[in-house]
1. Considering only protein heavy atoms and a probe of 1.4 Å, how much of the accessible area of segment 280-343 is carbon and sulfur, as a whole percent?
2. Taking the square root of 5 times each eigenvalue of the Cα gyration tensor, what semi-axes in Å does the equivalent ellipsoid of segment 1-105 have, largest first?
3. Using the crude model of +1 on Lys and Arg Cβ and -1 on Asp and Glu Cβ, and no other charge, please compute the dipole size for the chain relative to its Cα centre, in debye to 20.
4. How big is the antiparallel share of DSSP beta bridges in the chain, given as a percent to the nearest 5?
5. How far is helix 235-249 tilted, in degrees, relative to the longest principal axis of the Cα atoms in the chain, given as a value from 0 to 90 rounded to the nearest 10?
6. Would you calculate the separation in nanometres between label points at E115 and S51, each defined as 7 Å from the Cα along the Cα-to-beta-carbon direction?
7. If you average the sequence gap of Cα pairs under 8 Å that are 6 or more apart and divide by the length of the chain, what percent do you get for the contact order?
8. Counting only protein heavy atoms, what percent of the accessible surface of segment 190-242 is carbon or sulfur at a 1.4 Å probe?
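The values are calculated or read from the model by the stated rules, or taken from the named source; none is laboratory data. Just so you know, these numbers come straight off a predicted model, no measurement behind them. Because the Cβ atoms are built from the backbone with ideal geometry, glycine has one as well, and the counts that use them run over all protein chains shown. In case anyone asks, the SASA skips ligands and DNA or RNA and just uses the protein heavy atoms, side chains included. Shrake-Rupley method; radii C 1.70, N 1.55, O 1.52, S 1.80 Å.
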Amino acid sequence: MKVLVTGGAGYIGSHTVLCLLEAGHEVVVVDNLANSDAESLRRVEELTGRSVDFLQVDLLDARALDDVFAGGGFDAVIHFAGLKAVGESVTKPLSYYRNNVVGTLNLVESMEKAEVRRLVFSSSATVYGASENVPLTEETPLDATNPYGRTKEQIEDILSDVGHADARWSIALLRYFNPVGAHESGRIGEDPQGVPNNLLPFVAQVAVGRREKVTIFGSDYPTADGTGVRDYIHVIDLAGGHLSALRFLANKTGTFRWNLGTGRGSSVLEVIHAFSAAAGRLVPFEIGPRRPGDSAVSYADPSAALADLGWSAQRDLASMCADHWGWQSANPGGYSADARAKD
Ligand code: NAD
Ligand code: UFG
């Protein structure tokens, strides 16, 4: 297939582009580089020996997007582009609604004009809000608790309505749990700007000496060790879920929703211990107060993806930590530091 990947220079996008190329697909990436570095795609080319057609385009620029589709001949679109920081979405809601919701409207309108009606969308377990009715199934009621999560919920509604209105559309809404890890080469990985919001990148930056210690957000949850439990999924397993969804959509129309998680929960303390083992060094930590809005436990029921797509996550927490460490230790400053060093 010829696949347009929005947000393909980002963390999950770059790993998925790599897997698409390895599976023989042709890939065009559009990304405005708001939260990424084109170096990721250069490295994907280096790893695969294949070229990636990269266009620096903002989804808010509807005309430029139409131009991308004109003569593009795409069979499908995988839509990763979006802003994703929960805290920032609370202080800048308008920019989140505009970027994520309006960006998606522009994309779908361009697709409609070009008669490309096969779409895989990056949704998130955040749509389940604070529900602790685990494992979370696709039928768990949606109840996002912050503007970022509400953009995902709204986009799911918009895409469902589009699929409902025109039976020619094939749409997959993929609800990711907690993506972590990196490609086993250590050449591509997550490169957060500023202080990481998420646990794994923070732990990795402590391990590599960029930060002093991890603060555990609460140890009084009703879990086995008192710390929060999440369903961490290796980014390569997650990327594979997109290829499975594309295969499924190749000959089916309609709107489909799948959880992409492992179905297993790990606590914050388990993650810190697993990372220490993978890195061969102790990761210092302290116990702090709970983070507002956090739930005690979240993990997926991934059985629908197995039944419909034949997909399941294969990699365990040790492998997630080993690969995340492989990337972090080889690229302590992320992509741009490495690029500067080469100048
Ligand atoms: P990321 O920030 O690394 O990648 C997103 C990419 O989209 C970036 O390269 C950014 O430059 C680009 N982008 C943003 N707005 C754009 C616009 N208007 N036009 C063009 N490009 C734009 O994030 P990621 O972790 O790779 O996440 C990918 C998708 O998965 C996002 O939609 C995110 O909300 C979703 N998601 C991520 C997680 C997670 O924990 N990483 C969990 C659930 C869902
Ligand atoms: N945590 C800490 N210390 C930190 C960071 C996190 O103790 O410095 C804890 C959190 O309290 C939570 C766990 O580690 O118990 C995981 O936290 P993350 O921030 O890594 O992940 P969340 O599950 O809170 O949220 C993330 C994204 C959401 C997304 C969700 C599911 O931020 O947008 O995963 O995909 F919806």
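1. Looking at segment 280-343 in its full context, I get 54 percent from C and S.
2. For segment 1-105, the semi-axes come out at 24, 16, 10 Å.
3. 340
4. Approximately 5 percent, going by the DSSP bridge assignments.
5. Taking Cα atoms only, the helix is inclined about 30 degrees.
6. Between E115 and S51, the label points sit 2.9 nm apart.
7. Numbers: 697 pairs, mean separation 66.3, N = 343.
Relative contact order comes out at 19 percent.
8. Numbers: 920 of 1950 Å².
Percent of accessible area from carbon and sulfur atoms in segment 190-242: 47.
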